[in-house]
Every structure is written in C-alpha cells, then in structure tokens.
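Note sheet for the following structure.
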C-alpha cells in the first residue's frame, strides 16, 4: 500500500478518509506501534477537550450574549435592568415573600398583583413535583394545547420556546384563577428541574374594567421578584396579561428565562 | 423571531464553547462571542449568500480573536454574576488531567490552537476549517499536526518536537 502521510494519519483520527483508505491504515497500524500510539494519543486529546469544554454548551446564556444574539440592543433592556435593580433592592432590604407581595399590592405598587403571583407560586408547588401527570396536554400535542388554551383564555396562548436556555416544554394545563381560567405551561431542564409559566388575563380587568382592548392598560412593564423557601417567582404585567415564572432556580437563571419569555411574548406570541 | 434570528441564536452555545477553549476564561470568551454576534448582525445583509453559517460565524470569531480587534467596553454591571458554573464532580485524577490539558492548551500558538479546537470540538472538516480561517488546506494540516504533537508532548511532560516527520 501507499505510505501513510502525516495528513492521512490525522484524517484517520478524525474520520475524514474514504472507507477504503481508513481500513487500509487501520490494518497497517498493527505493524506500527509508534503511529498507533500517536493515533491513540490524538483520540484521547479530542475526547478530553470535549470533556473539558462541552459543559459550556449547557450553561445558561449570559444576558449580554443573549442581547447580542438579537437584531439590535433592544429598547427594553435598560428598562428591564432597572426593574431588576428594584427587585434586587427589595430583596436586599430583607423583604420576604409576604413583604414583596404586599408592596406590589400597596398603593405605591402598580397593580393588585398579590393574589396573582401567590396563585402562580402555589400552582407551581402543586404541579411541579407531579411525576405521572404534570400537564394535561403534553408538548407532543403542542398544536392542540395552543388551540385549547387560546380558546379558553380568549387570546392566543403560544408557549415561549426556551430550549436555548436549557428548558424543554413539557406541556400545559388550564387552572382556575381568581376570576376565570389561567394557563400554566410547564418546562423541564436536563436535570429534571421544573419551571412554570403562569399566564393570567384577569389583571387588566382588575386594574381597569374599561380597558380590555389589544393595547392593554399598562404602559410600563414592572418586573417583580418574590421568594418563598427555594421557590423563586418573577412576575410582571404586560398589556392585560399577568405573567409569573416560578422555579427553584437561582435569581440570575430565572432572570434570564424571564427576559427571554418577555422578549418572545412582546414579539406578539401572546397578549398582543 | 424570524428564522434567521433563531438560527443565529442556535449557534451561540457552540460559539461559546469554542471561545471558552480559545480565550481560556469565561469573561474574555463571552466578550469574544458578543463581538462576534454584533459583527454578524452588522453583516446580516450577507446572510442570504452564506451557505455554511457555522464556518462564517467561526471565521468572524477567528478574525476578531487574532486581530485582537476589540471595541473599548463601557464598564457595565453584570446581572449574571451569580449564574452558577456548571457543576462537575471529577475524581481527583481526572481533575489533574483536565487541568494539565488546559495548561497545555494555553501554551499552544494561537494558529495551532484554533485548528486543534475546531477539529476536536466542532468535528469540522479540514476543507471547512481552511475556508473559515482563510488559509490553504495544506497549512491546516501542518498546523494540526504540529499542534497535536506539541499538545501531546506537553501533556507527557516532554519538550515539544521541533520538526515533523513523514510516516513511511
């Protein structure tokens, strides 16, 4: 056979040879312990490099990278950061869940959020440990889920896609809210930890019965944060919908998810 | 989102993996990813003509990294400081080996390191590497060979070889 070139030895390691040549070299390596050792060493290098850096693939994306992946620095970013700062200050001031909710429902608070966010937290606590039936309609039937929830909620209800952040959609269910139906979407990360998105359309009605149009009543979006034990809840109002994201994730991770959900929803998937 | 938006986003985890290996630390790597994405958006009018999006994006990252072109960055307050690193629990022996690899990698010349990494992490075909980096395929092969042999020598605690030999 032809002599093995240096380039071919690497192409052999990388599986970039024709099958015939690959077999030839494989057979000849039996007689060439030095080259066989190099092949093994290069294969080990590849494997170890993957082991060292593949975990980066599973990291939550930093906000600045997420923003850069989008068409341009979005206008809401600064407002988002400002909202987060308020939430962090609230947390730092030692307000517990009760305090945060009370603040949200106080005259200084924008809207009567207390019941809404609390129900979201309770719904998460009830359904997220569920092993056999965490959702009523699973993600394999996403079309049916969207059609069903949209009909019952009276507005398009399309679950945001969060695969980029490591959360796969499991499905969703309809729940009773304070005055009517509420949609709950459930997500799950690779480690089996669950995250729920709770969407209520009773917010606009509560704050201003006359405003039920597509433009909603809330010009400013305020993001709020509450915590109970291990459970963190991020919630906000956009248009006539209230959104709450609950997970036993840390605040930074939840912030990223919330930002992404907010971004996708303001693109018109829901609540428009 | 348009399909293009999603397409760009879908490459971000892999750009970050490569950048982390190239830059060696999280902050510099994410700077590089951020600059790459911004450059990609600035050139987004070209996307329609880009057949190999991956090669194009990694090519942009290569140019930014090698040229050291970095716009001055305003001091910003990061809101993800407490984002947890991915937990890994290697055994003592594995941890030592891994640290050795990282240290050895940092000693490779950048032009060798890039090619070793693109082939290892991305399983990129040699022709695609050549195209992304804008160099002849022969240069890809010689740098790959030198990079791997140097890495092997460093990991073995030997002095890196100074020249190539052709296997007969």
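Values quoted throughout were computed directly from the atomic coordinates according to the rules given, and no laboratory measurement underlies them. Predicted model only: the values in this text are computed from it and were never measured. Don't worry about glycine lacking a Cβ; one is built from the backbone with ideal geometry, like all the others, and counts go over all protein chains shown.
Points to keep in mind about this one:
- Sorted by Cβ neighbour density within 10 Å, fewest at the top, the residues B:53, A:153, B:155, A:1: A:1, B:53, B:155, A:153
- Rough spin-label spacing in nm, given labels placed 7 Å along Cα→Cβ, for residue B:106 and residue A:133: 5.6
- Between residue A:50 and residue B:63, the modelled label-to-label distance comes to 3.1 nm, taking each label 7 Å out from Cα in the direction of the beta carbon.
- As a calculated quantity, the FRET efficiency between residue B:51 and residue B:7 at R0 = 22 Å, using C-beta atoms, amounts to about 0.95.
- The residue A:2 and residue A:168 beta-carbon pair, evaluated with R₀ = 56 Å, returns a calculated FRET efficiency of approximately 0.70.
- Label separation (residue A:193 vs residue A:34): 5.2 nm, computed from points 7 Å beyond Cα along the C-beta direction.
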